[in-house]
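Below: the structure, in structure tokens.
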Amino acid sequence: MRPGVQTLRARRSPRLQSGSSLISADSKPFLPYGRQSVDEEDVQAVLRVMHSDYLTTGPEIDAFEAEFAAATGSADAVSVCNGTVALQALYAGLDIGPGDEVIVPATTFAATSNAALYLQATPVFSDVRGESLLMDPASAAACVTDRTRAIVAVDFTGQPCDYDALQAVADAAGVPLLSDACHALGGSYYGRPVGSLAHASTFSLHPVKPITSGEGGMITTDDPDLAARMRVYRNHGIQSTFRERAQKMTWEYDMTTLGHNFRLSDIHAALGRSQLHKLPDFITARRRIADVYRSQLAGVNGVVLLPEPENTVGAYHLFVVRLPGTRDQVFEAMRDERIGVNVHYKPVYLHSYYQNQLGYERGLCPEAERAYDEIMTLPVHARMTEADALRVVETLTDCLKDAT
Ligand SMILES: *Cc1c(COP(=O)(O)O)cnc(C)c1O
């Protein structure tokens, strides 16, 4: 029925008992849950910038932003130095500040919520749907108050959220729908690319994400005023850049608001730009791994897969499964077998800082909390082979049999 797995299983030596894992591990390469795919073309792109006139605030930034906007079907893209400050620049660009509330899903990386805290705004946690672990529109609607300033959808794992339903919630609340699309570059929803699905969308270019610039971030939007405010915010609150002043032969500049230095360098942009050209191939490669997982794990007892609804294309930054009752045991056994499984995510408000310093309480988002006990992330990245994926499947099914 599953020839690849059967063959692998036959060749596989019996798993040694716990305590001997280091010995059994020696022959097996460690398979990380995510990693970059950088080739010689990427290296050459970086070297070209190293020999050019501008290492930062140069033409490579303009080109990267223009190409990123085109790739995401957006009017504009603003680069910044990581995905976390992309969120901060976006919230700041919308003038979100003290006393304001930002609705975020509980199941996300802490940065989605932390960025609101940097601006003295209050994150309000929406629960996720039990099936998809994506923001539940009904729960988001229940979080709306007269202090709500934005709703932030997170395309967890790279799977686009239910944007039509979330847009309706945002419209009813009279606030913009934003998208933390850090997982989802290259995905789409009813034929529309991720990055064009909300008022503005943020991206991370960290090495585990769909493409990388080393460190880097991007915000896409069709709102020219918002883009202009974010460009000022990333440059200390100063209206003009060094290059623009040099071109105008003037030293004069004015700082109009309090901003930061959140700029991306041209060196990073060169890598990101070169990687962007390979995005379709990367997504195809990730989806090939996801296909192996979906076909091989469908119907395996004890494994629950997250859906990929029709008319959506997931980018598969992560491949998350639920293992009710066995997660902890299977996680440990998989790590013993040198499979780099992980857990994404602990509901943000369960972190000590949120519990002890900010006073958020357990029980806020039951679906997210229930999921946290069951979820496990399987490796997926563009350099994985089908044999790697079959090794994961076979190890997982073996580990499940041993788990009680
Ligand atoms: C990675 C990530 C971020 C932060 O991006 P960095 O580039 O690491 O700062 C924010 N939100 C989500 C959902 C992420 O996965």
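None of the figures in this text is laboratory data; all of them are computed from the coordinates on show. Keep in mind it's a predicted model, so treat the numbers as computed, not measured. Counting neighbours? That spans all protein chains shown, and the Cβs are built from the backbone with ideal geometry, glycine included.
Near THR312, the amide H atoms lying under 5 Å from its own belong to TYR190; only residues 5 or more places off or on other chains count, and H is placed 1.01 Å from N. Ordered by the count of other Cβ atoms within 10 Å of each Cβ, fewest first, THR56, THR72 give THR56, THR72. Modelled spin labels at HIS236 and TYR353, positioned 7 Å past Cα toward Cβ, are 2.7 nm from each other.
The residue among ALA150, VAL104, SER213 whose Cα reaches farthest toward the positive pole of the charge dipole of the chain, with charges on the beta-carbon of Lys, Arg, Asp and Glu, is SER213.
Between the Cα long axis of helix 83-93 and the first principal axis of the chain there is an angle of about 40°, rounded to the nearest 10. Mind listing which chymotrypsin sites (Phe, Trp or Tyr not before Pro) in the stretch 169-212 are in a DSSP loop and have 13 or fewer other Cβ atoms within 10 Å? Within the stretch 169-212, the qualifying chymotrypsin sites (Phe, Trp or Tyr not before Pro) (loop, at most 13 other Cβ atoms within 10 Å) are TYR190. Exposure here means at most 15 other Cβ atoms within 10 Å; with GluC sites (Glu not before Pro) in a DSSP loop as sites, the longest stretch of the chain lacking them is 1-130.
Counting other C-beta atoms within 10 Å, which of LYS28, LYS209, LYS401 has the fewest, and how do the rest follow? Spell out each step's value before the answer.
Details: LYS28 13, LYS209 23, LYS401 10.
Fewest-to-most ranking of LYS28, LYS209, LYS401: LYS401, LYS28, LYS209.
For the stretch 370-375, backbone phi angles converted through the Karplus equation (6.51, -1.76, 1.60; θ = phi - 60°) give residue-by-residue couplings of 4, 4, 4, 7, 10, 7 Hz, Gly and Pro being listed as x.
Basic side chains Lys and Arg get +1 at the Cβ, acidic Asp and Glu get -1 at the Cβ, and with that the dipole of the chain about its Cα centre reaches some 1160 debye. Between the alpha-carbon centres of the stretch 170-214 and the stretch 325-404 there is a gap of 24 Å.
Ranked for footprinting exposure by Cβ neighbours inside 10 Å, fewest first, THR108, THR404 give THR404, THR108. Taking the C-alpha atoms only, the angle from helix 386-402 to the longest principal axis of the chain is near 60 degrees. Here is the list for the stretch 236-298: chymotrypsin sites (Phe, Trp or Tyr not before Pro) lying in DSSP coil, each with at most 15 other C-beta atoms within 10 angstrom of its C-beta, are TRP251, TYR253.
Extent along the principal axes, Cα only, for the chain: 73, 53, 40 Å, with the longest axis given first.
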